[in-house]
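Participant: The structure that follows is given in the form of C-alpha cells.
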Amino acid sequence: MILPAIDLKDGRCVRLIQGRRSDVRIYDADPVETAKAFASAGAKMIHVVDLDGAFKGVESPNRAIVEKIIDTVNVAVEFGGGIRSIADVERVHAQGVTRVVLGTLAVEAPETLKELIERFGALICVGIDAREGLVMTRGWEASTRSSAVELARSVAELGVERIIYTDIARDGMLTGVSIEQTCAIARTAKVRVTASGGVSCLDDIKRLRDANEPLVDSVIVGKALYEGRFTLAEALRSAE
C-alpha cells in the first residue's frame with residue numbers, strides 16, 4: 001500500500017529535511033485540498049503528521065485540520081504527532097482517526113502503551129524513528145540509547161500489530177528507502193511494518209516490493225509527490 005503523506009506545520013503542508021525543524025520546505029498546497037487530490041488518485045489511507053504537536057508535545061491547532069480532512073475525504077487517516085496520553089488517543093479516535101501513531105510515548109511510557117494496545121488493538125501503531133540505528137523521540141530532537149531493533153522487539157511483545165519505521169537520515173532526502181533495515185525490523189518484531197523515509201522514484205517502490213518481505217506491506221511517500229517526481233497514481237501502479 002502507498003500512503004501519501006501530509007506533514008502539517010502552522011497549518012500548511014511542509015516537508016522537513018532529516019526531521020530538522022529549521023530545515024523546512026513549505027508547499028502552498030492546502031492540506032484539505034491535498035487530501036482530496038490523494039483520495040481522487042486512489043489512496044486508501046493518508047498519513048498525516050502534526051509537526052507542531054510533535055515538537056511541542058501538546059495538541060496544536062493542526063488538529064482542527066486533521067478533523068476537517070476526515071470529515072471531507074472518505075479515506076482512512078493515519079495520524080501522529082504530539083500524542084502523549086490516553087486521553088489524547090481517545091480524542092483523536094473520537095474524531096475518526098483510523099490508526100494512531102505513537103512514538104515518544106512508546107519509548108517513555110511502555111505501561112501506557114500496553115494499556116492503549118489492550119483497549120484499542122489495531123488502532124495503535126508505533127512509529128520507530130532512528131538515526132544511525134538509535135531511536136529518536138520528541139519530534140526527532142531527543143536521542144535515546146535504545147536501538148530500533150530492540151524497541152521493535154519490545155513493542156511487539158506488548159502486542160502492537162504495526163510499526164512505522166523511519167530512517168531519519170533518509171527522510172526528505174530523496175535517497176531511497178532503507179530496505180535492509182526495514183526488513184530487519186519486520187523479521188525481528190514479526191509484525192507488519194510500514195517503510196518511511198527516502199522514496200525518490202518509482203524504482204524505490206519497486207525495489208521495496210521486490211524485496212519480498214511479506215511483513216513489509218506499505219510505504220509512506222511524501223516529498224517525491226510534492227516535488228513532482230511521480231504522481232500518486234503512478235506510485236500505486238508501481239506497488240501492484
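A short reminder: the numbers here are calculations on the coordinates, not readings from a lab. Keep in mind that this is a model prediction, so the values were computed, not measured. For neighbour counting, all protein chains shown are included, and Cβ atoms are generated from backbone atoms with ideal geometry for every residue, glycine included.
Participant: Which one of these does K36 not meet: (1) within 26 Å of R84 (Cβ to Cβ); (2) in contact with a Ser or Thr (Cβ under 7 Å, 6 or more places away or on another chain)?
Facilitator: Only one criterion is unmet by K36, namely (1).
Participant: Kindly state which helices (runs of 4 or more DSSP H) lie completely within segment 21-95 and contain at least 1 residues that are among the small types (G, A, S) and over 27 Å from A233 (Cα atoms).
Facilitator: Values: elements: 31-41, 51-56, 62-72, 86-95.
Ranges flagged: 51-56, 62-72, 86-95.
Participant: Taking segment 48-63, which residues are closer than 15 Å to V89 by Cα and over 15 Å from the mean Cα position of the chain (by Cα)?
Facilitator: G57, V58, E59, S60, R63
Participant: Oh, and also: Go through (1) part of a helix (DSSP H, G or I); (2) crowded, with 24+ Cβ neighbours inside 10 Å for V199 and report which single condition fails.
Facilitator: (1)
For every residue, the table says whether it meets (1) among the basic types (K, R); (2) under 22 Å from A130 (Cβ atoms).
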residue: M45; (1), (2): no, no
residue: V58; (1), (2): no, no
residue: N62; (1), (2): no, no
residue: I69; (1), (2): no, no
residue: F79; (1), (2): no, yes
residue: A87; (1), (2): no, no
residue: R91; (1), (2): yes, no
